[in-house]
Every structure is written in C-alpha cells, then in structure tokens.
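Before any comments, here is the structure.
Rule-based calculations on the coordinates, nothing more; no lab input. What you see is a predicted model; the values in this text were computed from it and never measured.
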Amino acid sequence: MSARSSWCNTHRGPTERAIAVAVIEVNSGPGGTVWSCPDCVARYGIVPLDEQSPDHLATRIQYRTARPPRDAADGTGGADGTGAGGADGAGGAPRRPGD
C-alpha cells in the first residue's frame, strides 16, 4: 500500500515510497495515517496496515517481533509508539508505550 505522501513518520524523513502502518483517530475533524518507508518497515519489523490481523487495533503499530530493536545509532528508540521516532527528535526505533 503506497501513497502520494513522501514522508516516513518512523525516521522522520523523506522517502520515495510510503507504506501505511497505523491510523490516527480523532473525535472531530479528519483523522490521519502513520506512514513508514520500506526500509523502516523491514528494519523494525513493522506490519503494513493491509497485512495486520483483523483483531489488532489499527491505531497501534503492529510489529512482526515481540519488541522492535533499539536504534544502534542513538540507543534511545522511540518513546511514543507512534512510529514517529524518539521524543527527542533523534528518529530512533519506535517503541510501544511503557517499554
């Protein structure tokens, strides 16, 4: 599943191809989509939205492994589990909340 978007929310940078990995639901106004590039999908074991199991909440990123790897570059990983990288803007590996 690709889109016109050319931004990867996981590494917070441009990409030639974006894959939908989660949705953002809001009470009013339009929601949104979380996008990852093919490299981040492979690196962090992210399951594309169209391959996720039906019982998985689409508002949370689904991983192929029990826990995504920490980013070797900065060692922080993400803090919010949205696939948007670390809270410090370093763009580390996305993590699930509470990890």
Shape call, the range 1-67: gyration tensor on alpha carbons, a/c limit 1.5: oblate
V23 long-range amide H proximity, modeled H, under 5 Å: V34, T59, R60
